[in-house]
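Step one of this worksheet: look at the structure below.
Every number here is computed from the coordinates shown, using simple stated rules; none is lab data. No experiment lies behind these values; they were computed from the predicted model shown. Here the Cβ positions follow ideal geometry from the backbone for every residue, glycine too, while neighbour counts run over all protein chains shown.
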Amino acid sequence: MNYNPAGSYQQYPGGGPGPYTSPPGPAPAAGSSKVATALLLISTILIGLMAGLFFAFDISVMPGLAAGDERTYVTAMQSFNKAIDGNGLFGMVFVLALLTSAASAVVEFRKGRRAVAIWVGAASVAYLIVLMITFSVDIPLNNELADAGNAAKMTDFSIVDKFKGTWATTNVMRTLLCTAALTALSRALVLYGRATR
């Protein structure tokens, strides 16, 4: 046995005395790792939800409305927009998708996982463009449609052409951008798993 500064004795595996080996230090805090994981997962889920919403409009809502008459088109779109605008859950997902992905990119960069940060950053940029399109094109058109009033009293349906053309086209763009962001986040998840394995 060999007396060590900590006041205890250290033995070799065979039972003989051996040099003192200091005990291992405290394990790294897991809190920051849990935050990084949560941010990345939440970002992926939220942007996936937005991609699904836009995609549903592309393949069902807009083609379905286009097949009907203009008055029905206006009435339905006004109802859709009112339901979405008044839904707090949608608003939360719509905004948090950007905030969580941007925060995740910053965290990954600070942790030294640069490859992960690049992919998450790319997803954030793609989704930021989605927001820019929404606020500069889609929301103004939605407001114009709302200002048209009761569809039963309308005589000018030129707004419908704007929706069939501009709104529908920009919604496809939003779908593609969200899908690109979701793909980037999926790649980031793979790299994150390898880096933290």
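Brief remarks on what is shown
- Net charge in the neighbourhood of G121 (other residues with Cβ under 11 Å of its Cβ; Lys, Arg +1, Asp, Glu -1) is 0.
- Couplings 3J(HN,Hα) for the range 56-73, derived from phi with the Karplus relation 6.51 cos²θ - 1.76 cosθ + 1.60 (θ = phi - 60°), are 4, 5, 4, 9, 10, 5, 5, x, x, 5, 5, 7, x, 7, 5, 5, 5, 4 Hz, where x marks Gly and Pro.
- Within the range 51-134: Cβ-based charge dipole about Cα centre, in debye rounded to nearest 20 (Lys, Arg +1; Asp, Glu -1): 540 debye
- Evaluated with a Cβ-only charge set (Lys, Arg +1; Asp, Glu -1), the range 82-194 carries a dipole of roughly 720 debye about its Cα centre, given to the nearest 20.
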